[in-house]
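Q: Right, I'll just put the structure down here and ask away after.
Readers should treat all values here as calculations from the given coordinates under stated rules, not as data from a laboratory. In this text, all values refer to a predicted model and were calculated from it rather than measured experimentally. Cβ coordinates were reconstructed from backbone atoms using ideal geometry, including for glycine residues, and neighbour counts include every protein chain displayed.
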Ligand code: ADP
Ligand code: MG
């Protein structure tokens, strides 16, 4: 099935993952939890990308939906040309076995303890009806790519956490999926071990052009992937894209580091959804004292977001005489402090004139 007809978000056949306004609501007893609230995401074929975000932001929910382990409540999700909302249970099961590979944080969930590394990789192939010779050949190749050929006859307890996780990655690829999903694969290992796991991901990407999506808390992730997408409250909020230039540095002085003549730079972007909404960083809003509304101004080459004018002094409602017409637009943090002082001063000034309990109105 082709997705070329889908024009939303600029999605094309080049995109292996297309999420459009994806919603997932969990119902627990009488309570509804909105885990994804209109998430948009495009992932290109052959991309290695990471998903970051605080606990409860919806990362695992997204991965489970992409892996066919859970169904969305609304929206659109297309993976490798398959519209996951349209698959019945039988075809979703087939999708899960053949189109996607899944790696979890707990290695025990990925592997069968009484089988050797190579047997673990052969098992899913056996279930899929592959011939013994072909199973073994592919299992050996995968062990070589994750750099564990010498561990092939070892069982779970004879391997370190990092080695188990790399076997798990090989197992997830047993049936030749086009997308690998990893939910905090380095969550239980140290930094050195984590780098061997990331290196296995990169080898697989380079060798097979495999698309890989990694959910992680690892702060060093940006250096390991092409793109980092941050999720906040069930939506994509920002993304950091790696740009490699040989020779000249980036065009507007962004951060970067040289590696043997190749200049890798990272740029952070705010993500706009299909209706033009974006999330502003909370720390910026706090710094400028922006709460429930802001002013937008079109300036040369950009859009300026400023605190709403005249909304700062908590003057008692309905007391016309107390209203102040002040333009307290701010553009810098230092001025925000001044503003806090001005605001406190004004509050004191108007205290005696208040007719109602206007304090703390915001
Ligand atoms: P993350 O992986 O980013 O920590 P999750 O996707 O696991 O976040 O969870 C997102 C939200 O959905 C959280 O509020 C979580 O409590 C809720 N949630 C996740 N799974 C379930 C479930 N099976 N039943 C009810 N609520 C859930
Ligand atoms: Mg999670």
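Q: With each label point set 7 Å from Cα along the Cα-Cβ vector, what nm distance links residue 147 and residue 74?
A: For residue 147 paired with residue 74, the spin-label model returns 4.8 nm.
Q: Modelled label-to-label distance, residue 91 and residue 127, 7 Å Cα→beta-carbon offset: nm?
A: 2.2 nm
Q: Given 0.36 nm per residue, what is the gain on full extension from residue 37 to residue 160 after removing their alpha carbon distance, in nm?
A: That pair, residue 37 and residue 160, stretches by 40.4 nm at full extension.
Q: Let's test the formula: R0 of 56 Å, r as the Cβ-Cβ distance of residue 208 and residue 308. What FRET efficiency results, to the nearest 0.05?
A: Using R0 = 56 Å, I get an efficiency of 0.60.
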